[in-house]
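Asker: Structure below; questions to follow.
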Amino acid sequence: MKNILSLIVLIFIFSCERKSQKAISKNHSTVIAIDSTAVNINSSDIKTFNPDDIKDLEWIIFNDKYKIPQQIKDFFQATENGEINIANPDKEFNITDVVVKPNMPFRQLRLLEKKNELWRMVYIQGGIGKSYQFYEFKIQGDTISDIKKGYSFENIETNDSLEYYIKKGEVKFEKIKLKYNWID
C-alpha cells in the first residue's frame, strides 16, 4: 500500500513540474513560464548553437616545445643557422650570462598557442639581460608567412598579458634577418 501511495505522489510531483515549464507559442513569439516568472522571446532572436563558432574565437594553448610545428622549427633553422634549443615552461634553463650548466638552453617557452592559421610563441631569452621574445606566424599547409617578431621586458605568460603589453606599446617590434648558407 505504501508503494502505491508513493508512486501516486511521485507522478503528481512530476506532472506539476511539467506544467510549470510549459511553453506557449503565438505569433512567432514564445512565452516561457518557469516558477511563476514569464519571459517573452521572439523566435527570430533564437539562434542555434554551433560549436564551430566558438572554435574560431578561442586560442588553443599548447605550451610544450614538442608541439612546435615543423614550419616554425624551419624558420628558426633559417634565422639562427641551427635548430631552436628551448626548455619547456617547467624546466631549467640558463637565464643569465653566467653559464652554470652548459647543456641547458638559453630559452624557456612561456606561451605557444594557435587560433585558426595564426600561431603565437613567447619565450624567455636568457643570457646578458632577461627578455620575453614574441613571434606570430601564419601557417597555411607547409607555408609560413606574415611573421611578426618583438620583445619586451614585461612578464608575458598568457595571451591576455601579451595583448595588454602590445596595446600599451611595451612590446617592441623588430625586423627579421635571415642568415643564408651558400651551397657550393
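What follows draws every value from the coordinates through simple rules; no lab data is involved. Quantities reported herein were computed from a predicted structural model and do not represent experimental measurements. A quick note on method: Cβ atoms are made from the backbone with ideal geometry, for glycine too, and the neighbour counts reach across all protein chains shown.
Asker: Please arrange Tyr66, Tyr164, Tyr151, Tyr123 by counting, for each residue, the other beta carbons lying within 10 Å of its beta carbon, fewest first. Working shown, then result.
Answerer: Numbers: Tyr66 6, Tyr164 14, Tyr151 17, Tyr123 25.
Going from least to most buried by this count: Tyr66, Tyr164, Tyr151, Tyr123.
Asker: For Thr158, Thr96, Thr143, what's the fewest-to-most ordering of other Cβ within 10 Å of each Cβ? Walk me through the numbers before you get to the answer.
Answerer: Values: Thr158 15, Thr96 12, Thr143 9.
Listing Thr158, Thr96, Thr143 from fewest to most nearby Cβ atoms yields Thr143, Thr96, Thr158.
Asker: Count charges around Phe153 for me, please; just the other residues with Cβ under 15 Å from its Cβ, Lys/Arg as +1, Asp/Glu as -1.
Answerer: 0
Asker: Ranked by Cβ crowding within 10 angstrom, fewest neighbours first, how are Val99, Val122 ordered? Walk me through the numbers before you get to the answer.
Answerer: On the way: Val99 12, Val122 25.
Final ranking by Cβ density, sparse to dense: Val99, Val122.
Asker: Amide H to amide H under 5 Å from Ser131: which residues, 5+ apart in sequence or cross-chain, H placed 1.01 Å off N in plane?
Answerer: Gln125
Asker: Within a Cβ distance under 10 Å of Gly126, other residues only, what is the Lys/Arg minus Asp/Glu net charge? Don't skip to the answer; put the middle values down first.
Answerer: Working: positive: Arg107, Lys130; negative: Asp97.
Computed value for this residue: +1.
Asker: Okay, moving on. Is the shape of region 57-174 best called rounded, prolate or oblate, per the rule: a/c under 1.5 gives rounded, else a/b larger than b/c gives prolate, else oblate, with a ≥ b ≥ c the square roots of the Cα gyration tensor eigenvalues? All intermediate terms of the calculation are to be shown ahead of the outcome.
Answerer: On the way: a/c = 1.66, a/b = 1.24, b/c = 1.34.
Oblate is the answer for region 57-174, as a/c is 1.5 or above yet b/c matches or exceeds a/b.
Asker: Additional query: For region 61-110, which GluC sites (Glu not before Pro) pass both filters: DSSP loop (anything but H, G, I, E, B) and at most 10 other C-beta atoms within 10 Å?
Answerer: Answer in residue order: Glu83.
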